[in-house]
Each structure stands twice: as C-alpha cells, then as structure tokens.
1. May I ask you to list pairs of residues, at least six apart or on different chains, whose Cβ atoms are under 8 Å apart, with the first in segment 242-256 being at negative phi and the second being charged (D, E, K, R) and outside any loop (DSSP other than H, G, I, E, B)?
2. Looking at 323, 278, 273, 287 in this structure, which one is more than 20 Å from residue 18 (Cβ to Cβ) and surrounded by 14 or more Cβ atoms within 10 Å (Cβ to Cβ)?
3. If you take the residues in segment 111-142 that are touching a Gly at 6+ places or on another chain (Cβ under 8 Å) and among the aromatic types (Phe, Trp, Tyr), which one is nearest to residue 318 (Cα to Cα)?
4. Being of a type in the set (Ser, Thr, Tyr) and not in a loop (DSSP other than H, G, I, E, B) is the filter; apply it to segment 88-119 and report the residue that is farthest from residue 24 (Cα to Cα).
5. Those residues that are within 23 Å of residue 203 (Cα to Cα), over 19 Å from the mean Cα position of the chain (by Cα) and small (Gly, Ala, Ser), I need them from segment 73-127; list them, please.
6. Just checking, which of 74, 57 is of a type in the set (D, E, K, R), within 21 Å of residue 342 (Cβ to Cβ) and in the same structural domain as residue 28 (by TED's automatic domain parsing)?
7. Of the conditions (1) farther than 21 Å from residue 67 by Cβ; (2) surrounded by fewer than 18 Cβ atoms within 10 Å (Cβ to Cβ); (3) over 20 Å from the mean Cα position of the chain (by Cα), residue 172 satisfies every one except a single condition; which number is it?
8. So residue 223 ticks every box in (1) part of a helix (DSSP H, G or I); (2) farther than 30 Å from residue 105 by Cα but one. Which box is left unticked?
Amino acid sequence: MARAPTVLTDNWHYDTGLVLKGIERFALKTKNVAAAAYLKRTIDGLVDESGAIKGYRVDEYNIDQINMGRVLFRLWAEAQPADKERYRKAIETLRSQMWSHPRTNDGAFWHKKIYPWQMWLDGVYMASPFLAEYAATFDEPELFDDVAKQIVLAEEHMRDAKTGLLLHGWDERRKERWADPETGRSSQFWGRAMGWYAMAVVDVLAWLPQAHPQRSAVLAILQRLAAAIARVQDRTTGVWWQLLDQPGRPGNYREASASSMFVYALAKAVKNGWLDKGVYGPVASRGYRGLLREFIETDANGHVNLKNVCKVAGLGGHPYRDGSYAYYTSTEVVKNDAKGVGAFILAALENE
C-alpha cells in the first residue's frame with residue numbers, strides 16, 4: 001500500500017486481482033479500514049460509474065481477465081445504492097464473457113482466443129473460483145457443474161500418472177511446438193502453474209455445495225494433488241522449485257510464488273478438513289517457515305520484500321515460448337511481483 005498508494009495498475013489485470021484478494025482477506029481478518037479503502041479505491045479507478053471496466057474487452061476472450069472480478073462480489077454486497085448497480089454491471093460483464101468463451105470439444109475453456117484449443121492450468125484459477133462465487137451469490141446452481149468440470153478436465157488432460165504432477169498446458173489439436181504429438185501436453189512441471197491449480201481447487205471447494213454430485217471428485221483430485229505436491233517439497237528448505245521434479249539441476253531455483261500458492265492451498269485445505277491435518281499440516285507449516293526464511297527480507301526503509309519470484313512464463317505466443325526446461329529457467333526473476341506478493345499474503349493469512 002505504501003509503494004502503490006493510489007493504484008496497482010492502469011488496467012484490469014489478473015495479478016492485481018490476486019493482490020487485491022489478499023488485501024480483501026487481510027482487511028476482513030484484521031478489520032483494517034485503510035486496507036478496505038485501498039481496495040475500493042483501486043477498483044473505483046478501474047470501474048466507472050456505468051460499470052464499464054477499464055482496459056477490458058469481452059471479445060478478447062482472455063480467461064485471465066476474469067480473476068480480478070472476484071473482489072467485486074463483496075464490494076457489491078456492501079455497497080451503497082449509488083455504487084451497487086455499477087459493481088453488479090461489472091460482475092455481469094465478466095460473467096457474459098464466460099457464456100460465450102470458446103472451448104475445446106470436451107468443454108474445457110480455451111486459455112485465450114489467441115491460444116486456440118489450449119487449456120492451461122492457470123486458466124482454471126482465473127475463471128472457476130469467480131464462477132463458483134457467482135453461482136452461489138446469484139443463484140445459478142447449474143454453473144457449479146461447469147466449475148467442477150474444468151477442474152476434472154484439467155486433471156484428465158495434464159496429470160502425469162507416474163509423478164502425480166500436472167503439466168502446464170494441453171493442446172487439443174497437438175499442433176503447438178510445445179505439445180507432445182501424442183498427448184498434446186507440454187513437457188515441464190512448472191511450479192506456478194500447479195500453484196494456480198491448487199488454489200483453484202480449494203477456492204472452488206469453499207463454494208461448491210456439499211451435495212453437489214462432483215464434490216467427491218474434486219475432493220479426490222485435491223487428495224492426489226496434495227500428495228504430489230508434498231513429494232516434491234524441498235526437504236532442506238521446505239519450499240518448492242521452479243521446475244518441481246528437478247531440484248538442484250543447473251539453472252533451476254527455489255521459487256516464491258509457487259511455494260506461496262502451495263502453502264496457501266494446503267493450509268486452507270487442512271483448516272477446512274479437506275486434507276488430513278496430521279499428514280498435511282506439517283507440510284504446510286514447514287512450507288510457511290520456508291517462505292519466511294528463504295524469500296522474505298526487510299530493506300533499509302523497513303519495507304518487506306518477497307524475492308525469487310518468476311516474473312512471467314507461458315506457452316507459445318510471440319516471441320515463441322517452447323515450454324522447455326531452458327525456457328522456464330531463463331525467465332526473469334524479480335522481487336515483489338504481484339503474483340508472488342498476492343499469494344504470499346494469502347499464505348500468511350492461512351498460517352498466522
């Protein structure tokens with residue numbers, strides 16, 4: 001809040017949404033009025049009086065753009081009459097994208113229109129928790145079917161049977177250079193991709209009705225996912241590597257955003273009774289201690305920094321990202337990137 005006192009971004013963006021979700025949770029837990037005001041001020045700079053969202057276009061069909069809408073629900077619920085309509089309009093705009101968002105033949109959302117026929121793990125987090133909260137808030141129970149379906153399809157298409165880990169992406173056409181010609185899968189177990197997916201599963205479970213016919217399937221996915229995450233936790237530090245299954249290989253490094261996401265997901269699942277406390281409580285606790293020890297530093301101004309955050313990684317595009325080991329280990333590593341900071345705030349709130 002001190003570093004960006006007025007706004008975190010000039011446009012609607014998923015990583016700002018992750019930070020704001022952390023700030024929302026912090027404001028609720030601590031009754032911090034300044035944090036709540038900061039969140040509202042940021043959103044009000046991006047959603048105008050008519051409910052139009054700055055920098056957002058439905059016809060781009062970019063699934064990343066849905067995530068930031070999650071902080072709109074509480075703003076809408078608590079708004080004065082003058083604001084209520086514009087927040088609802090913004091929520092409905094985002095919902096409208098997902099009515100017509102392109103899909104694979106089995107119903108998985110494309111990651112973006114510019115990445116046709118591709119499902120990425122990231123995208124499950126970007127849309128499913130928003131849609132689950134929409135379903136619960138505005139009484140659209142059939143939407144829960146689609147929310148659960150995305151989680152199930154991601155595991156079907158991207159889980160490696162040997163390790164239990166999930167690969168970053170899947171190309172239904174098997175035409176991308178990064179895609180295996182037989183399976184359509186990308187080749188590497190990128191930490192943050194699995195981190196997004198792990199957070200999606202636990203955030204969806206918080207909204208998915210107890211009686212929903214797919215709830216048991218989602219819980220079973222969480223069990224398999226948690227077991228795979230625990231197996232690749234670094235035994236020395238308690239955190240996780242950029243490429244999860246290759247610790248210590250030259251170029252690989254311990255990475256803060258994925259580690260924070262795993263700690264958040266495991267701690268939340270244990271707290272809610274979805275995972276065995278005796279088995280996974282120690283994994284989450286060891287991971288949180290590792291976050292503080294490995295990635296947190298305080299500078300001369302007293303500001304807390306989160307270091308060792310992979311700035312960005314993806315598949316395809318221009319210039320082309322081939323999804324190789326060399327690619328993931330050559331992307332820029334920075335301090336205080338929003339994807340790390342937002343996940344760290346959420347992890348801390350689940351553990352403190």
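The values are calculated or read from the model by the stated rules, or taken from the named source; none is laboratory data. Predicted model only: the values in this text are computed from it and were never measured. Note that we place each Cβ from the backbone using ideal geometry, even for glycine, and neighbour counts take in every protein chain shown.
1. Between residues of segment 242-256 that are at negative phi and residues that are charged (D, E, K, R) and outside any loop (DSSP other than H, G, I, E, B), the close pairs are 242/254; 254/294; 255/192; 256/294.
2. Working: 278 fails: surrounded by 14 or more Cβ atoms within 10 Å (Cβ to Cβ); 273 fails: surrounded by 14 or more Cβ atoms within 10 Å (Cβ to Cβ); 287 fails: more than 20 Å from residue 18 (Cβ to Cβ).
Answer to the selection: 323.
3. 115
4. The initial filter retains those residues of segment 88-119 that are of a type in the set (Ser, Thr, Tyr), namely 93, 96, 100, 104, 115.
Imposing the further condition that a residue be not in a loop (DSSP other than H, G, I, E, B) reduces the set to 93, 96, 100, 115.
Numbers: 93: 22, 96: 24, 100: 29, 115: 31 Å.
In this case the residue turns out to be 115.
5. Hits for segment 73-127 are 77, 90, 96, 107.
6. On the way: 57 fails: within 21 Å of residue 342 (Cβ to Cβ).
The unique qualifying residue is 74.
7. Against the list (1) farther than 21 Å from residue 67 by Cβ; (2) surrounded by fewer than 18 Cβ atoms within 10 Å (Cβ to Cβ); (3) over 20 Å from the mean Cα position of the chain (by Cα), residue 172 comes up short only on (2).
8. Unmet condition: (2).
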